[in-house]
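Enquirer: Supplied in C-alpha cells, the structure appears directly below.
The values are calculated or read from the model by the stated rules, or taken from the named source; none is laboratory data. Everything numeric in this text was worked out from a predicted model, so none of it was measured. All Cβ positions, glycine included, derive from the backbone under ideal geometry; neighbour counts span all protein chains shown. Just so you know, the surface numbers come from the protein's heavy atoms only, side chains and all, with ligands and any DNA or RNA stripped out. Shrake-Rupley method; radii C 1.70, N 1.55, O 1.52, S 1.80 Å.
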Amino acid sequence: MEPTSPRILLIDDDVALASMLREFLELQGFSVATAHDAETGLARLDTEPADLLVLDVMLPGISGFEALKRLRQRHDLPVVMLTARGEESERILGLMDGADDYLAKPCSPIKLTVRIRAILKRSRS
C-alpha cells in the first residue's frame, strides 16, 4: 500500500495567492484543499481531516486568530500562520494561541514548503 500524500488545508482570502500556493504545494507532493474564509475552512476540517493548516490572519468574517482559537477547541493539527501582518506582537499572539509557525507575506513557496515538512516530521514522530 502506498503512503498517502500529506493533506493540507489552506485558508486565505487572496484567491490568486491560494491558487498559486496550492499548485506549488501539489507539485511538492501534498494534497491541498482551499477555503477563502475561516468559517468555511473550519467546517471543512470537520468533514475532510487535514494533516496541517496554513491560515491567513486577515480574513473576511472571523480573523485567523479567532479561527485558531476555535480550531484548538476541536482539533490538534499543526498550524502555520501566513500573513501580511508580520509585526512581532502579532507573531507572539499567533504562537501563544497555538500556531506552530508564523510566516510573513511575502514568503517564498520553498520556505513555506520547508517549514511544512519540518512541522509534519515533528508532529508524526
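Enquirer: Where the second residue is modelled with pLDDT under 95 and of a type in the set (D, E, K, R) and the first is surrounded by fewer than 14 Cβ atoms within 10 Å (Cβ to Cβ) and lies in the stretch 103-116, which pairs have Cβ atoms under 6 Å and are six or more apart or on separate chains?
Expert: Going by the 6 Å Cβ cut-off, there are no qualifying pairs.
Enquirer: OK, next. Any idea which of Leu45, Leu52 is touching a residue at least 12 places away in the same chain (Cβ under 8 Å) and in contact with a Pro (Cβ under 8 Å, 6 or more places away or on another chain)?
Expert: Leu52
Enquirer: Can you work out which of the residues in the stretch 1-20 that are open to solvent by less than 10 Å² (accessible area, probe 1.4 Å) and among the aliphatic types (A, V, I, L, M) is farthest from the chain's Cα centre (by Cα)?
Expert: That would be Ala18.
Enquirer: Report the residue count in the stretch 57-82 for those that are at pLDDT 95 or above and of a type outside the set (A, V, I, L, M, F, W, C).
Expert: Looking only at that region, the number is 1.
Enquirer: With Thr34, Thr47, Thr40, Thr83 as the choices, which residue is over 14 Å from the mean Cα position of the chain (by Cα) and either surrounded by fewer than 19 Cβ atoms within 10 Å (Cβ to Cβ) or farther than 20 Å from Arg122 by Cα (or both)?
Expert: Just one listed residue meets the conditions, Thr47.
Enquirer: Quick one: would you say Leu68 is touching a Cys at 6+ places or on another chain (Cβ under 8 Å) and either open to solvent by 50 Å² or more (accessible area, probe 1.4 Å) or closer than 20 Å to Gly41 by Cα (or both)?
Expert: no
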